[in-house]
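S.K.: Pasting in a structure now, in structure tokens, and then I'll have a few things to ask.
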Amino acid sequence: MYLDHFGLREYPFTLTPDTSFFLASTHYQAALNTLLVAVHTGEGFIKITGEVGTGKTLLCRQFLACIEQINTEQGAAQYVTAYIPNPDLTPQGLMLSLADELGISLAANTESHQVMKTITRHLLNCADLNQRVLLCFDEAQAIPLETLEALRLLTNLETEKRKLLQIVLFGQPELDVKLQQNQIRQLNQRITFHYRLGTLQRSEVERYIQHRLHIAGYRGRPIFTRFAIIALHRASGGIPRLINILAHKALMTSFGAGQSAVHARQIVMAANDTESAHKIAYYWPYFAILLVAIVVGLIWKILK
């Protein structure tokens, strides 16, 4: 569509959580550091929360990529990972999904207690090989209460030295509300590491845009003007998913108009076409400039 027009190799603002576009901004690097420290110390439960669109799935995949890199550098599988993206499961469904992720073969209609025994045996084998097993849940706010309790019981499995299984929960703020319920208070007490993802600041939005364009193959002068970045931050609220949606639409609009840059006007048009974006008026950046000029003029007069 606009790839050749802007000299891009691929679309820079797709919604697919592609780790090649991961940017270690303040929040994401802090969250990633929290995860890596937590798994290194062998904690049972780790929690990462954030609003819709703040990049939890991308962070999860980047974390798993880092674990894979650690395994490669060590020359052996120091960590064994399991990833469950849709955790709205019964306790039995959870056990079967975990067994499948760990490559455990089960006969049809295997009883629940036998599934548990087989998983426990596999975890003990991993411990004998000095391997840590990590279970990552995306969209963890969807986990039913009885399944969360089953997870807690799973983390009771341990040797004299460490837990047999570490669990990482990635979820929306509703997960925090669910964990406050009395019937799973024991699980909540076991979460020793947690981090809340925030939104991007304006300076980070500019870096985010330039980073994704660079990864997509762009090597020219900045496509997004300073006013476009200001408008983009305001319209998106600093939420990466909204930034991607608005930036993609703005590039399409600029391409359609035959322009080589994205201005505030294109961001405003994109925001007005996106229900979840904050609506802004096109002329607002000029009022901001005028206000700054007035303030600077008053300060100059006072100092003079």
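S.K.: For Lys117, which aspartates and glutamates qualify as cross-link partners when the Cα separation must be under 17 Å and same-chain residues fewer than eight apart are set aside?
M.R.: Candidates past the 8-residue exclusion: Asp100, Glu101, Asp128, Glu158.
S.K.: Dimensions of the stretch 127-201 along principal axes (Cα, Å, largest first)?
M.R.: 43, 34, 18
S.K.: How large is the Kirkwood hydrodynamic radius of the stretch 26-196, counting all unique pairs of alpha carbons, in Å?
M.R.: Details: mean 1/r = 0.0613 Å⁻¹.
That comes to 16.3 Å for the stretch 26-196.
S.K.: What are the ³J(HN,Hα) couplings of the stretch 57-74, residue after residue, when phi is run through the Karplus curve with 6.51, -1.76, 1.60 and θ = phi - 60°? Round to Hz, x for glycine and proline.
M.R.: With coefficients 6.51, -1.76 and 1.60, one gets 5, 4, 4, 4, 5, 5, 4, 5, 5, 5, 5, 5, 5, 4, 4, 5, 5, 6 Hz.
S.K.: Contact order normalised by length for the chain, with contacts defined as Cα pairs under 8 Å and 6 or more residues apart; what percent is it?
M.R.: Details: 431 pairs, mean separation 75.7, N = 304.
That works out to 25 percent.
S.K.: Near the amide H of Gly217, under 5 Å away, which other amide H atoms are found, from residues 5 or more places off or on another chain, if H is placed in the peptide plane?
M.R.: Amide H neighbours of Gly217: Arg9.
S.K.: Between Gln131 and Ile302, what is the spin-label point distance in nm, taking each point 7 Å from the Cα along the Cα→C-beta axis?
M.R.: My value for the distance between the label points is 6.7 nm.
S.K.: Would you mind checking the stretch 41-64 for residues with the amide N under 17 Å from a putative spin-label position 7 Å along Cα→C-beta of Thr192?
M.R.: Counting backbone N atoms under 17 Å from the label point, the list is 41-48.
S.K.: Continuing with the same structure: Please give the contour-minus-distance gain from Ile70 to Thr110: 0.36 nm per residue of separation, less the Cα-Cα distance, rounded to one decimal in nm.
M.R.: Numbers: separation 40, 0.36 × 40 = 14.40 nm, distance 3.49 nm.
Stretched out fully, the Ile70 to Thr110 stretch lengthens by 10.9 nm.
S.K.: Now for a different question. Too long at a 29 Å Cα-Cα cut-off: which of Lys56/Lys249; Lys56/Lys163; Lys178/Lys279?
M.R.: Details: Lys56/Lys249 23 Å; Lys56/Lys163 25 Å; Lys178/Lys279 32 Å.
Where the Cα-Cα span goes over 29 Å, the pairs concerned are Lys178/Lys279.
S.K.: Find the Rg to Rh ratio for the stretch 218-261, where Rh is the Kirkwood radius over alpha-carbon pairs and Rg uses the same atoms. All intermediate terms of the calculation are to be shown ahead of the outcome.
M.R.: Details: Rg = 10.6 Å, Rh = 10.9 Å.
Looking at the stretch 218-261, the ratio lands at 0.97.
S.K.: Quick one: Thr26, Thr49, Thr110, fewest Cβ neighbours within 10 Å first, how do they rank? Show your work: numbers first, answer last.
M.R.: Details: Thr26 11, Thr49 22, Thr110 16.
Lowest count first: Thr26, Thr110, Thr49.
S.K.: Between Val52 and Val177, 0.36 nm times their residue separation minus their Cα-Cα distance comes to what?
M.R.: Additional length available on full extension: 43.5 nm.
S.K.: Can you work out the FRET efficiency for the pair Ser260 and Tyr11, with r the C-beta to C-beta distance and R0 = 22 Å, to the nearest 0.05? Let's see the in-between values first.
M.R.: Working: r = 18 Å, r/R0 = 0.80.
That pair, Ser260 with Tyr11, gives E of 0.80.
S.K.: Just want the ordering: Leu169, Leu8, from fewest to most Cβ atoms lying within 10 Å of their own Cβ. Write out the running numbers ahead of the final one.
M.R.: Working: Leu169 25, Leu8 19.
Neighbour counts put them in this order, fewest first: Leu8, Leu169.
S.K.: Take the alpha-carbon positions of the stretch 47-116, form their convex hull, and give its projected area averaged over all directions (one quarter of the hull surface) in nm².
M.R.: Values: hull surface 25.1 nm².
It is 6.3 nm².
S.K.: A further question follows. Please report, to two decimal places, log10 I(q)/I(0) for the chain at q = 0.07 Å⁻¹ as given by the Debye formula with identical point scatterers on the Cα atoms and no solvent.
M.R.: After summing over all Cα pairs, the log10 values are -0.37.
We did not get these values from a lab; they are worked out from the coordinates using the rules stated. Just so we're clear, the structure is a prediction, and the values are computed from it rather than from any experiment. Glycine gets a Cβ as well: all are built from the backbone with ideal geometry, and neighbour counts include every protein chain shown.
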